[in-house]
1. Please enumerate the residues belonging to the range 44-66 that are touching a helix residue (DSSP H, G or I) at 6+ places or on another chain (Cβ under 6 Å) and either acidic (Asp, Glu) or under 27 Å from TYR160 (Cα atoms) (or both).
2. For ALA109, state whether it is assigned by TED's automatic domain parsing to the domain that holds GLY16 and out of contact with any helix residue (DSSP H, G or I) (no Cβ under 9 Å at 6 or more places or on another chain).
3. If you take the residues of the range 185-207 that are among the acidic types (Asp, Glu) and touching a residue at least 40 places away in the same chain (Cβ under 8 Å), which of them is farthest from ALA271 (Cα to Cα)?
4. Just name the residue that is nearest to ASP28 (Cα to Cα) out of those in the range 181-228 that are assigned to a loop (DSSP other than H, G, I, E, B) and at pLDDT 85 or above.
5. Please list, ordered by first then second residue, the pairs with beta carbon atoms under 7 Å, 6 or more apart or interchain, first in the range 41-70 and closer than 13 Å to ILE11 by Cβ, second among the acidic types (Asp, Glu).
6. May I ask you to say which residue of ILE78, ILE19, ILE11 is closer than 29 Å to ARG216 by Cα and in contact with a helix residue (DSSP H, G or I) (Cβ under 6 Å, 6 or more places away or on another chain)?
7. Looking for whichever is basic (Lys, Arg) and either crowded, with 17+ Cβ neighbours inside 10 Å or in a loop (DSSP other than H, G, I, E, B) (or both) here; the options are ARG251, ARG272. Which one fits?
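The values are calculated or read from the model by the stated rules, or taken from the named source; none is laboratory data. None of the values given here were measured: they were computed from a predicted structure. Methodologically, a virtual Cβ is constructed for each residue, glycine included, from the backbone with ideal geometry; neighbour enumeration extends over all protein chains shown.
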Amino acid sequence: MKRLGEAATRINHELGQVIVGQASVVEDLLVAMLAGGHALLVGVPGLAKTLMVRTLADTLGLAFSRVQFTPDLMPADITGTEVIQEDRGSGTREFRFLPGPVFANVVLADEINRTPPKTQAALLEAMEEHQVTAGGRRHPLPEPFFVLATQNPIEQEGTYPLPEAQLDRFMFQVLVDYPAVDEEFEIVRRTTTDESTEAGTVLSHDDVVTLQKLVRRIPVADHVIRYAIDLCRLSRPARSSDSEPDGFIDRFVQWGAGPRAGQSLVLGGKARAVLAGRTFVGIDDIRAVAFPVLRHRIITSFNAESERVTPDDVIDWLLHETPAGEPIDHPAVARIFRGADQ
């Protein structure tokens with residue numbers, strides 16, 4: 001725990017040599033990677049998303065690979081392909097698998113929404129199973145394995161929105177916003193000179209694997225897990241048998257967060273607690289990761305679009321309405337757990 005705290009400080013220092021600002025984005029990426037999850041970075045061009053991912057991989061001592069997603073990209077261009085190889089001695093021929101760029105520790109899927117669904121789906125098995133199947137054979141990916149994808153939210157023409165099943169595979173959706181005035185001044189000052197800086201390596205490949213195991217071992221109290229479940233279940237409209245109508249959610253939400261969101265909330269809370277040097281997870285840790293975990297898992301309705309209610313607005317409502325104590329004390333949550341408690 002002490003070593004990780006020191007490493008986190010050094011990582012932020014090294015990233016600060018290359019990246020100006022974006023402290024919350026860097027923290028979210030560190031939390032996702034320590035929890036073993038993937039992240040989707042959404043922001044307009046020119047905000048150093050690609051540079052941030054590559055620099056973070058360098059500080060963690062991980063192999064980095066970048067895939068530029070384009071409309072003509074094929075699945076084999078990502079996963080790899082089988083080629084016929086001839087043995088010059090015997091004259092026999094056999095198929096040999098040539099690994100693609102997905103065989104790295106950190107894979108940057110740049111502008112992932114610019115490629116058709118067939119190619120997007122090539123990442124599904126890799127993200128969930130950490131393996132690639134080609135020619136009927138399974139090829140395990142190197143550990144640790146992270147997919148950090150970028151997406152431009154302002155361009156709609158010529159893009160292919162990610163299907164919900166693939167969005168759910170991303171642990172976090174991180175919004176990369178414009179820098180502050182002082183930060184933008186420093187960016188322009190640094191990038192218009194002939195000076196160049198590189199981030200140093202803080203951790204090794206084995207260190208990252210060890211820290212991921214440490215995160216999994218952090219204990220979580222039952223009421224904290226119940227709180228994470230509350231947030232997910234209250235985000236769902238009353239179309240299931242264990243729910244009752246709720247005005248706000250029924251009006252503005254079409255589909256709520258699934259069980260994988262609860263897992264991500266708890267794992268994200270564990271990683272955040274470890275980064276803070278704590279051996280326990282609190283309610284505040286769950287609340288801190290609620291936005292990146294839930295914003296891409298809550299599908300708003302037409303009413304929300306017409307009234308400009310965003311998924312972040314829904315999460316604000318959930319955090320305000322969900323109690324931080326015993327869930328059975330709150331009527332809105334008690335109705336969900338009434339059947340289980342009986």
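1. Once the filter is applied, which keeps residues that are touching a helix residue (DSSP H, G or I) at 6+ places or on another chain (Cβ under 6 Å) and either acidic (Asp, Glu) or under 27 Å from TYR160 (Cα atoms) (or both), the range 44-66 yields only PHE64.
2. Numbers: assigned by TED's automatic domain parsing to the domain that holds GLY16: yes; out of contact with any helix residue (DSSP H, G or I) (no Cβ under 9 Å at 6 or more places or on another chain): no.
Against the criterion (assigned by TED's automatic domain parsing to the domain that holds GLY16 and out of contact with any helix residue (DSSP H, G or I) (no Cβ under 9 Å at 6 or more places or on another chain)), ALA109 does not qualify.
3. Keep residues of the range 185-207 that are among the acidic types (Asp, Glu), which gives 186, 194-195, 198, 206-207.
Next, from what is left, pick out any that are touching a residue at least 40 places away in the same chain (Cβ under 8 Å): 186, 198, 207.
Working: GLU186: 31, GLU198: 27, ASP207: 15 Å.
For the range 185-207, the residue satisfying everything is GLU186.
4. Keep residues of the range 181-228 that are assigned to a loop (DSSP other than H, G, I, E, B), which gives 192-204, 218-221.
Filter once more, so that each one left must be at pLDDT 85 or above: 218-221.
Values: ILE218: 18, PRO219: 21, VAL220: 20, ALA221: 23 Å.
Applying the filter and picking the extreme gives ILE218.
5. What qualifies is THR59/GLU14.
6. On the way: ILE78 fails: closer than 29 Å to ARG216 by Cα; ILE19 fails: closer than 29 Å to ARG216 by Cα.
After ruling out the rest, the residue left standing is ILE11.
7. Working: ARG251 fails: either crowded, with 17+ Cβ neighbours inside 10 Å or in a loop (DSSP other than H, G, I, E, B) (or both).
Every option except ARG272 fails the conditions.
Residues checked against (1) of a type in the set (Asp, Glu); (2) assigned to a helix (DSSP H, G or I); (3) over 21 Å from VAL266 (Cα atoms):
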position: GLY21; (1), (2), (3): no, no, yes
position: LEU40; (1), (2), (3): no, no, no
position: GLY46; (1), (2), (3): no, no, yes
position: ALA57; (1), (2), (3): no, yes, yes
position: LEU62; (1), (2), (3): no, no, yes
position: VAL67; (1), (2), (3): no, no, yes
